[in-house]
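Undergrad: Starting off with a structure, shown below.
The values are calculated or read from the model by the stated rules, or taken from the named source; none is laboratory data. Please read these numbers as outputs of a predicted model, since none were measured by experiment. When we count neighbours, we look across all protein chains shown, and the Cβ atoms used for this are built from the backbone with ideal geometry, even at glycine.
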Amino acid sequence: QAGQYRDTWIEIDLEAIADNVKAVQALHDTDINVMAVVKADGYGHGATQVARAAIAAGAQWIGVALLEEAVALREAGIQVPILVLGRINPRDANVAQQYKISVTAFQKEWLAEAKTYLDTNTPLNVHMKCDTGMGRIGLTEEQTLLDMVKTILMEDAFHLEGIFTHLATADEWATDYLERQLKYFQTYVKLAKETAGPIPYVHYSNSAASLRYPGTDYNMIRFGISMYGLVPAVDTAADIPVSLLPAMSLHSRLVHVKKVAPSTSISYGATYQASEEEWIGTVPIGYGDGWLRANATNGGEVLVEGERCPIVGRICMDQMMVRLPKELPVGTKVTLIGQQKEEKITIEEVAQRLSTITYEIPCTLNNRIPRYYYPAEKQ
Ligand SMILES: Cc1ncc(COP(=O)(O)O)c(CNc2conc2O)c1O
């Protein structure tokens, strides 16, 4: 059981999750459906705990990437509709049916094969995925859409529950690609409705689109990164019309404090030398936790007593060193992501330091770091 003994931990603020869900709902008409996207263990925040908090805040759907993630949520007691956003294997269609999990389809052959695994007394809910420019999964031919709609309508084993697409550039300033995707999507939706009649769920928005372009030509949004209080992209953060509340913070405690003489070397490769007499603290976190070595480059810092302290020397697998402003006791709290007094280090800052996106940071912090949830009763 990771974390029973160590003094490195993650705190998840479930009230922030709830507030972020309510903020995006407020941007839309009252009948909007919010799908809380909790794939990759809730973007590293804890899928079950986040799902419960999001549902309590009004989310009507849950989105995941894998059938395993959907089944785990059902077994954890999540009752609301769940959509697997990726392709499941046709042979597992009956598992989705048994657990009342909605699936994504975009291949005629998939329907034909999945049908052989299904019984017809409880139809499998299908959302048709259109590839309008993401270039990942989804149908691209109108004929495929027509054939699939006809098959779904004909077979008792299937129920057409939704049609959706995914946007590739909603977090960028330029909108021409986004507009082209939406034009294609409207064509598919129109064609599907002409053939099948009303379709319960039409959805294309991720966080960026649901926050920056709240529209009415859909009735569900797929809300991921910003539910966790993170911006989809730093360069369009100014275009987010709500104040997002970050849910994750990362803390540790000094395990060793020493004064070193000038030119004393620190860590592997002896790449750092003290330039004068310095107080050095050792922090029990490393790349074995997913706190990557790149955090020590171009100015990586942590907070100690509300002050920014530089990470010095190479980050090890389980430990790293920081330069302290003065002697401090072993056990002093260190904040790597979060706030101390007036200072804060955001995931956005860490992502930029690692030349990556906000999404990757929480997903990389692995389960060797225990997660604690507040308020506890909201789990
Ligand atoms: C199909 C689909 N819908 C909605 C979302 C939620 O997007 P958001 O987190 O920007 O709100 C994702 C996230 N997909 C990914 C997030 O990072 N890499 C991905 O493939 C997705 O793949």
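Undergrad: Would you check which residues across the range 188-206 are assigned to a loop (DSSP other than H, G, I, E, B) and surrounded by 16 or more Cβ atoms within 10 Å (Cβ to Cβ) and list them?
TA: Within the range 188-206, Ile199, Asn206 meet the criteria.
Undergrad: Now for a separate question. Tally up the residues in the range 305-355 that are assigned to a strand (DSSP E or B) and touching a Ser or Thr at 6+ places or on another chain (Cβ under 6 Å), please.
TA: 4
Undergrad: Which is surrounded by 15 or more Cβ atoms within 10 Å (Cβ to Cβ), closer than 22 Å to Ala233 by Cβ and not hydroxyl-bearing (Ser, Thr, Tyr), of Arg353, Arg371?
TA: Sole residue among the options that is surrounded by 15 or more Cβ atoms within 10 Å (Cβ to Cβ), closer than 22 Å to Ala233 by Cβ and not hydroxyl-bearing (Ser, Thr, Tyr): Arg353.
Undergrad: Now a separate question. Might you check whether a residue that is touching a residue at least 24 places away in the same chain (Cβ under 8 Å) and within 13 Å of the chain's Cα centre (by Cα) occurs anywhere in the range 7-19?
TA: Checked the range 7-19: at least one residue is touching a residue at least 24 places away in the same chain (Cβ under 8 Å) and within 13 Å of the chain's Cα centre (by Cα).
Undergrad: Further question on the same structure: Sort through Gly286, Gly281 and tell me the only one that's under 23 Å from Lys341 (Cβ atoms) and crowded, with 20+ Cβ neighbours inside 10 Å.
TA: Exactly one residue qualifies, and that residue is Gly281.
Undergrad: State whether one or more residues within the range 85-99 are closer than 23 Å to Leu145 by Cβ and either at pLDDT below 95 or surrounded by fewer than 15 Cβ atoms within 10 Å (Cβ to Cβ) (or both).
TA: There is at least one residue in the range 85-99 that is closer than 23 Å to Leu145 by Cβ and either at pLDDT below 95 or surrounded by fewer than 15 Cβ atoms within 10 Å (Cβ to Cβ) (or both).
Undergrad: Let me ask something else about it. Would you pick out the residues in the range 24-67 that are within 16 Å of the ligand (Cβ to nearest atom) and over 19 Å from Ser207 (Cα atoms)?
TA: Leu66, Leu67
Residues checked against (1) out of contact with any strand residue (DSSP E or B) (no Cβ under 8 Å at 6 or more places or on another chain); (2) within 21 Å of Ala247 (Cα to Cα); (3) touching a residue at least 60 places away in the same chain (Cβ under 8 Å):
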| residue | (1), (2), (3) |
| --- | --- |
| Ala294 | yes, no, yes |
| Gly299 | no, no, no |
| Ile311 | no, no, no |
| Lys326 | no, no, no |
| Gln340 | no, yes, no |
| Ile347 | no, yes, yes |
| Leu354 | yes, yes, yes |
| Glu360 | yes, yes, no |
| Arg368 | yes, yes, yes |
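Undergrad: Okay, next question. Could you tell me how many of the residues in the range 127-139 are surrounded by 19 or more Cβ atoms within 10 Å (Cβ to Cβ), of a type outside the set (D, E, K, R) and touching a Leu at 6+ places or on another chain (Cβ under 9 Å)?
TA: Residues in the range 127-139 being surrounded by 19 or more Cβ atoms within 10 Å (Cβ to Cβ), of a type outside the set (D, E, K, R) and touching a Leu at 6+ places or on another chain (Cβ under 9 Å): 6 in total.
Undergrad: Let me ask something else. Within the range 140-159, take every residue that is under 25 Å from Pro81 (Cα atoms) and without any contact (Cβ under 8 Å) to a residue 40 or more places away in the chain and give me the one that is surrounded by the most Cβ atoms within 10 Å (Cβ to Cβ).
TA: So the residue we want is His159.
Undergrad: Checking Arg52 against (1) in contact with a Phe, Trp or Tyr (Cβ under 6 Å, 6 or more places away or on another chain); (2) farther than 24 Å from Pro198 by Cβ, which single condition isn't satisfied?
TA: The one condition Arg52 does not meet is (1).
Undergrad: Look through the range 143-175, keep the residues that are in a strand (DSSP E or B) and within 17 Å of Thr122 (Cβ to Cβ), and return whichever of them is nearest to the ligand (Cβ to nearest atom).
TA: Restricting to residues being in a strand (DSSP E or B) and within 17 Å of Thr122 (Cβ to Cβ), the top hit is Glu161.
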